[in-house]
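Enquirer: Structure provided below as structure tokens; questions to follow.
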Ligand code: GUN
């Protein structure tokens, strides 16, 4: 069993980006600028956004964190997005999800100018991704693809089971893995909350690659995985733990102790997919910046 070390790989990617940014600024160009919009006080969201802002600093990007109270109206938030669209000094933006109940996340995502959509969530970008055209890709699935590529894992003709059908992870993951390319060329099965559990288990048991993105701590157990499988754990849930100073521990969607011994490769939580997401967001921001310059 080999760990897919997302933390280390993410550091490599950030170091590559840092070099690219210093080459830009050495020629007198301004650095790329990412704006993160954070609504409300959700602890996990604050942590994720902090990681993103910190990564911007590391690679040499300019970053701005725009915070709004949970009580902000949809109209007000849409006006903020419109202002960022119109600001020529902003290359990329993200609106951290989830959003408070009064706000329709689709309305906000659809309002972001596709060229500045650093998360790759806008329908235009999702459409291009689906057609296999170059575009800003959703960061978590793109990070998983990058991991498979850098570890030189051959996915062609392999059966991949994706657990979860979210717009952020499961669905785009299934599209990227089934697409042409290296990595890619997989036969993909998507399972979700309406898949009968016996069927889900049977699919997993014969899968070469399993990507778990359900948000259900320790859902995937050893008996559901075949010998030699590759397991990618996207889950990261705060589980109450009174023995920790923080009062919680981070749990993946994979029961690591029973699954890991059977795997050829597995991602840990934390230190697997999470850091890759942050690095791919940085890559998207640089791409958005470069696209802007090249289209001028
Ligand atoms: N919430 C959970 N994952 C993500 C992500 O990749 N981007 C944004 N904006 N919000 C999220």
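Enquirer: Go through (1) under 30 Å from residue 248 (Cβ atoms); (2) more than 16 Å from the ligand (Cβ to nearest atom); (3) loosely packed, with under 12 Cβ neighbours inside 10 Å for residue 14 and report which single condition fails.
Expert: Failed condition: (3).
Enquirer: Taking the residues in region 259-281 that are within 14 Å of the ligand (Cβ to nearest atom) and in contact with a strand residue (DSSP E or B) (Cβ under 8 Å, 6 or more places away or on another chain) as candidates, determine which candidate is farthest from residue 222 (Cα to Cα).
Expert: By that ranking, first place goes to 281.
Enquirer: Among the residues of region 244-269 satisfying the criterion of being under 21 Å from the mean Cα position of the chain (by Cα) and touching a residue at least 60 places away in the same chain (Cβ under 8 Å), which is surrounded by the most Cβ atoms within 10 Å (Cβ to Cβ)?
Expert: Ranking the qualifying residues of region 244-269, first place goes to 267.
Enquirer: Another question about this same structure. Within region 41-49, identify whether any single residue is in a strand (DSSP E or B) and closer than 24 Å to residue 17 by Cα, and answer yes or no.
Expert: No, the conditions are met nowhere in region 41-49.
Enquirer: Can you go through 225, 239 and tell me which one is under 28 Å from residue 138 (Cα atoms) and surrounded by 13 or more Cβ atoms within 10 Å (Cβ to Cβ)?
Expert: Residue meeting the stated conditions: 225.
Enquirer: With the structure loaded, tell me whether residue 127 is more than 14 Å from the ligand (Cβ to nearest atom), touching a residue at least 40 places away in the same chain (Cβ under 8 Å), more than 30 Å from residue 220 (Cα to Cα) and out of contact with any helix residue (DSSP H, G or I) (no Cβ under 9 Å at 6 or more places or on another chain) or whether it fails that test.
Expert: Against the criterion (more than 14 Å from the ligand (Cβ to nearest atom), touching a residue at least 40 places away in the same chain (Cβ under 8 Å), more than 30 Å from residue 220 (Cα to Cα) and out of contact with any helix residue (DSSP H, G or I) (no Cβ under 9 Å at 6 or more places or on another chain)), residue 127 does not qualify.
Enquirer: Could you check, for region 51-69, whether at least one of its residues is away from the ligand (no atom under 16 Å from the Cβ), touching a strand residue (DSSP E or B) at 6+ places or on another chain (Cβ under 8 Å) and assigned to a helix (DSSP H, G or I)?
Expert: yes
Enquirer: Hey, among the residues in region 85-105 that are outside any loop (DSSP other than H, G, I, E, B) and within 23 Å of residue 47 (Cα to Cα), which one's farthest from the ligand (Cβ to nearest atom)?
Expert: Per the criteria, the residue is 92.
Enquirer: Let me ask something additional. Which one is farthest from the ligand (Cβ to nearest atom) among residues in region 34-50 that are in contact (Cβ under 8 Å) with a residue 40 or more places away in the chain and surrounded by fewer than 16 Cβ atoms within 10 Å (Cβ to Cβ)?
Expert: Restricting to residues being in contact (Cβ under 8 Å) with a residue 40 or more places away in the chain and surrounded by fewer than 16 Cβ atoms within 10 Å (Cβ to Cβ), the top hit is 43.
Enquirer: Right, another one. Taking residue 22 and the conditions (1) over 28 Å from residue 234 (Cα atoms); (2) in contact (Cβ under 8 Å) with a residue 24 or more places away in the chain; (3) assigned to a loop (DSSP other than H, G, I, E, B), which numbered condition does it fall short on, given that it satisfies the others?
Expert: The one condition residue 22 does not meet is (3).
Enquirer: State whether one or more residues within region 273-287 are surrounded by fewer than 16 Cβ atoms within 10 Å (Cβ to Cβ) and either out of contact with any helix residue (DSSP H, G or I) (no Cβ under 8 Å at 6 or more places or on another chain) or in contact (Cβ under 8 Å) with a residue 24 or more places away in the chain (or both).
Expert: The answer is no, given that none of the residues of region 273-287 is surrounded by fewer than 16 Cβ atoms within 10 Å (Cβ to Cβ) and either out of contact with any helix residue (DSSP H, G or I) (no Cβ under 8 Å at 6 or more places or on another chain) or in contact (Cβ under 8 Å) with a residue 24 or more places away in the chain (or both).
Enquirer: Right, something else. Which is closer than 23 Å to residue 10 by Cα and within 16 Å of the ligand (Cβ to nearest atom), of 120, 164, 181? Working first, answer last.
Expert: Details: 164 fails: closer than 23 Å to residue 10 by Cα; 181 fails: within 16 Å of the ligand (Cβ to nearest atom).
One residue alone meets the criteria, 120.
Enquirer: Determine whether residue 114 is more than 13 Å from the ligand (Cβ to nearest atom) and either within 16 Å of residue 283 (Cβ to Cβ) or in contact with a helix residue (DSSP H, G or I) (Cβ under 9 Å, 6 or more places away or on another chain) (or both).
Expert: For residue 114, the condition - more than 13 Å from the ligand (Cβ to nearest atom) and either within 16 Å of residue 283 (Cβ to Cβ) or in contact with a helix residue (DSSP H, G or I) (Cβ under 9 Å, 6 or more places away or on another chain) (or both) - is met.
Enquirer: Quick check, is residue 180 over 18 Å from the mean Cα position of the chain (by Cα) and more than 27 Å from residue 270 (Cβ to Cβ)?
Expert: Considered against the rule, which asks whether it is over 18 Å from the mean Cα position of the chain (by Cα) and more than 27 Å from residue 270 (Cβ to Cβ), residue 180 comes out as yes.
Every number in this text was worked out from the coordinates using simple rules, so none of it is lab data. Note that the structure is a prediction, hence the values are computed from the model and not measured. Here the Cβ is made from the backbone with ideal geometry for all residues, glycine too, and neighbour counts use every protein chain on show.
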